Amino acid sequence: MTDGSDHKRKVRGLSVRSDGKETKRRSREKKDLDKQRSEVDGDDGNDGPQSAQKVARRFEPFVETDETEALVERIRNWWGAEQPVHLIGPTGCGKTTMAVQSAVARGRPIVWLEGDDAVDTAALVGEHAGKEQYAERDQYVRDVVKKKSIVRDRWVDNPLSVAAREGATLIYNEFSRSKPAANNVLLSAFEEGILERSTGRGADRTIDVHPDFRAILTSNSVEYAGVHRPQDALLDRLVGIHLGFYDRETEVEIVDSRVDDLDRENIEKIVTIVRGLREEMDVTVGTRAAVMAARGLTAFPPRDDLIVDICTDVLASKVSSREEVEELRDQIDSIVGGM
């Protein structure tokens, strides 16, 4: 017989079993954590951000005109200078699509983050998500078993940490809807290349930002409801590009790319109406309104004044009384009559 000391050492990690109630609690916790990670990593359960191609498929088709190509090139040049970019503009002007178009053109993986009043620092960088416990069984000598119980913190990365670590492009959409205090963590990431984890410990306290990490942030102007005034310290670290509405050619191409089964003549009519109302109305009339109107026009049976009714319905939620709706309809009817 061979002496027990000749056996090779075997170490195996074993899950610690607990009562049924505790097992169910941990199972729910694991599902919640896996869901968080999936949302950060692109809904595919992997540890990496979404690929540029995957994000592009969600936003296709991108419209390429001289105007949009010039904007993409401008943003990428600033990224070449290692500067984060801030796109500012009214709702419906295409900020988000431009951010995505620029990120896709860069070709690096993309991490998406949506600003919200509930976003805090942990939602950006991650947090400790409870404890995990396991046991090690050391059977170095036959018939002699040593067991050791190990408890450790479980850390879950959130979007900013993932993007900084992997060298991805971070798209922080409507970042001014998050409270300014939550965004303080961006300061050291943009300036010193170090991401602070406020609840991290020891070696996990900071992340060295990958040299390929880039960021693009979007926001409405500060006068819009539901937004916070970003702190000057953060704005000082951002290159600001103010976007207005695109020229007529680009708006026509955008609507044409997003609406099937509508002829070019009617698309041009709708864009003309929207651009005319944009100059006359006190509320914002974005390119999105033109897309909605074009889709509506394909859904209703043809009849007289249909385009006037469709455009009125699309924009009626922006006014506050029936009298104002009638004024809006008269404005639209006047523009159509002038065409």
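The values are calculated or read from the model by the stated rules, or taken from the named source; none is laboratory data. None of these values were measured; they are calculated from a predicted model. FYI the Cβ positions are ideal-geometry reconstructions off the backbone, even for glycines, and counts take in every protein chain you see. These accessible areas exclude ligands, DNA and RNA; they are computed on the full protein's heavy atoms, side chains included. Shrake-Rupley method; radii C 1.70, N 1.55, O 1.52, S 1.80 Å.
Scanning region 319-339 for residues that are more than 21 Å from residue 304 (Cβ to Cβ), under 35 Å from the mean Cα position of the chain (by Cα) and either in contact (Cβ under 8 Å) with a residue 40 or more places away in the chain or open to solvent by 80 Å² or more (accessible area, probe 1.4 Å) (or both) yields one hit, 320.
Just one residue in the set 308, 227, 283 is out of contact with any strand residue (DSSP E or B) (no Cβ under 8 Å at 6 or more places or on another chain), without any contact (Cβ under 8 Å) to a residue 60 or more places away in the chain and buried (at least 17 other Cβ atoms within 10 Å of the Cβ); that residue is 308. Among the numbered conditions (1) within 26 Å of residue 117 (Cα to Cα); (2) under 21 Å from the mean Cα position of the chain (by Cα), the only one that residue 258 does not meet is (1). When 232, 212, 256 are screened for being in the same structural domain as residue 100 (by the TED database) and free of Cβ contacts under 8 Å to residues at least 12 places away in the same chain, only 232 passes. Within the bounds of region 125-138, is there any residue that is at pLDDT 85 or above, among the β-branched types (Val, Ile, Thr) and touching a helix residue (DSSP H, G or I) at 6+ places or on another chain (Cβ under 8 Å)? Within region 125-138 (the criterion being at pLDDT 85 or above, among the β-branched types (Val, Ile, Thr) and touching a helix residue (DSSP H, G or I) at 6+ places or on another chain (Cβ under 8 Å)), the answer is no, since none of the residues qualifies.
Considering region 85-106, the residues that are more than 13 Å from residue 173 (Cα to Cα) and at pLDDT 90 or above include one that is surrounded by the most Cβ atoms within 10 Å (Cβ to Cβ), namely 102. Please verify whether residue 174 is in contact with an Asp or Glu (Cβ under 7 Å, 6 or more places away or on another chain), under 28 Å from residue 295 (Cβ atoms) and either at pLDDT 90 or above or exposed (fewer than 15 other Cβ atoms within 10 Å of the Cβ) (or both), treating the condition exactly as stated. Considered against the rule, which asks whether it is in contact with an Asp or Glu (Cβ under 7 Å, 6 or more places away or on another chain), under 28 Å from residue 295 (Cβ atoms) and either at pLDDT 90 or above or exposed (fewer than 15 other Cβ atoms within 10 Å of the Cβ) (or both), residue 174 comes out as yes.
Summed over region 282-339, residues that are in contact with a Lys or Arg (Cβ under 7 Å, 6 or more places away or on another chain), over 20 Å from residue 256 (Cα atoms) and at pLDDT 90 or above total 1. Looking across region 226-255, the residues that are farther than 24 Å from residue 114 by Cβ and among the aliphatic types (A, V, I, L, M) come down to 252, 255.
Scanning region 224-280 for residues that are among the polar types (S, T, N, Q) and assigned to a helix (DSSP H, G or I) gives 250, 257, 266, 272. Restricting region 59-100 to residues that are free of Cβ contacts under 8 Å to residues at least 12 places away in the same chain and assigned to a helix (DSSP H, G or I), the residue that is nearest to residue 210 (Cα to Cα) is 80. In region 167-183, the residues that are assigned by the TED database to the domain that holds residue 88 form Cβ pairs under 9 Å with partners that are open to solvent by 10 Å² or more (accessible area, probe 1.4 Å) and among the hydroxyl-bearing types (Ser, Thr, Tyr), at six or more places apart or across chains, as follows: 171/96; 173/96; 174/96; 176/224; 181/121; 182/121; 183/121.
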